[in-house]
1. Any residue in segment 115-134 that is over 22 Å from Glu21 (Cβ atoms) and not in a helix (DSSP H, G or I)?
2. Condition (residue is touching a residue at least 60 places away in the same chain (Cβ under 8 Å) and either surrounded by 19 or more Cβ atoms within 10 Å (Cβ to Cβ) or hydroxyl-bearing (Ser, Thr, Tyr) (or both)) applied to segment 252-263: is it met by at least one residue?
3. Looking only at segment 159-192, how many residues end up being over 22 Å from Leu108 (Cβ atoms) and among the β-branched types (Val, Ile, Thr)?
4. All but one of (1) without any contact (Cβ under 8 Å) to a residue 40 or more places away in the chain; (2) among the aliphatic types (A, V, I, L, M); (3) more than 15 Å from Ile153 (Cα to Cα) hold for Ala173, so report the exception by its number.
5. Give me the residue from segment 234-251 that is surrounded by 15 or more Cβ atoms within 10 Å (Cβ to Cβ) and among the charged types (D, E, K, R) and, out of that set, farthest from the chain's Cα centre (by Cα).
6. Return yes when Val205 is aliphatic (A, V, I, L, M), farther than 20 Å from Ala106 by Cα, touching a Phe, Trp or Tyr at 6+ places or on another chain (Cβ under 8 Å) and not assigned by TED's automatic domain parsing to the domain that holds Leu25 and no when it is not.
Amino acid sequence: MKKKRFYYNGKTGITRTKGFEHKLLAKYSVNIGNICEFGCSFCYVPSITNKQKTVKSILDKGYKIEEFSSYRYKENVLSTITQDLRSIKPNDHGTIIFCTTCDPCATLEDADTSIDAIKLIMKKSNLQVRVLSKSILIKNIAESLLSYNKRIIYGLSTGTSLEEVSNAIEQSASPIKKRIVTLHHLQDKKFRTYGMICPVIPSEVDRVKQLVDQIRPELCEDVWVEAVNVRGKSLVNTYEKLLNAGLEKHAQELKRVMGNKDYWREYSKKLFLNFQKEMRERGQLKKLHFLQYVSVEDREFFEKQEGAVCL
């Protein structure tokens, strides 16, 4: 289903993001939209941005959240970034992530907006930029900003190694195999890259080797991993998408853990230990950042583990 696209003007260009800073991903963020073009089933963002005035006005017109995307006018993105760069000091070498609420290059139009926004940041500050996408158009950004490649790092979200799972729960994103080809292309061309293996659904907890193989961690600066987390309707939506795609084994395994806190902790712990073991055996453990929303029951375990980031 092709989404209807709406546009809006935002008030800020560069925002401090303490949540992503705690995850060791970025100090700042630039968001060119607040409802993504892709609409992956596990995405938690709509449960947050649907309270924003611009999104609420679209919902009030009768549109469902999965029926539209919402992006900023390019001129507005550039003008607010220009405004906010005046407050960035020359000795600030922090990292800005594109983006936390949408894909920065879901379409050619979005890629063009991101390219011009990053150029502004490169020219008027000493900040670094981290680009995170599920689109093969990330290659357009990298190749357009070749002269700044020492200050930009690229990552493609690859939480599954199975094409049928990707097609079911992130069906509007670039196919998983094409994303991997694009990541390898960037690595082979000596662009800075990082791994973003998330979210990993319970049925792929024993496919860690394949998940690590496809990002080539020895060529990544860092690797982030995360289980599926309970945010909004993400779990229910993912379960339904898997079931509707005929992937009953994957759907039932997700349902088993989402209905039982003990099973959930068991799944998260096993996923972490499998990644820790795999990265250790490859001599890459120092690059691992396993993002874990800890509870009273598992905090002590994760706080003692190398490679775990407790949230």
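The values are calculated or read from the model by the stated rules, or taken from the named source; none is laboratory data. The structure displayed is predicted, hence computed values, not measured ones. Ideal geometry is used to build each Cβ from the backbone, glycine not excepted, and the neighbour counts take in all protein chains shown.
1. Scanning segment 115-134 turns up at least one residue that is over 22 Å from Glu21 (Cβ atoms) and not in a helix (DSSP H, G or I).
2. Within segment 252-263, not a single residue is touching a residue at least 60 places away in the same chain (Cβ under 8 Å) and either surrounded by 19 or more Cβ atoms within 10 Å (Cβ to Cβ) or hydroxyl-bearing (Ser, Thr, Tyr) (or both).
3. 3
4. Unmet for Ala173, out of (1) without any contact (Cβ under 8 Å) to a residue 40 or more places away in the chain; (2) among the aliphatic types (A, V, I, L, M); (3) more than 15 Å from Ile153 (Cα to Cα): (1).
5. Glu240
6. Here the answer is yes, as Val205 does meet what is asked.
For every residue, the table says whether it meets (1) surrounded by fewer than 20 Cβ atoms within 10 Å (Cβ to Cβ); (2) under 18 Å from Gln171 (Cα atoms); (3) touching a Pro at 6+ places or on another chain (Cβ under 8 Å).
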site	(1), (2), (3)
Ile32	no, no, yes
Ser47	yes, no, no
Asn50	yes, no, no
Ser57	yes, no, no
Gly62	yes, no, no
Phe68	yes, yes, no
Lys74	yes, no, no
Pro104	no, yes, no
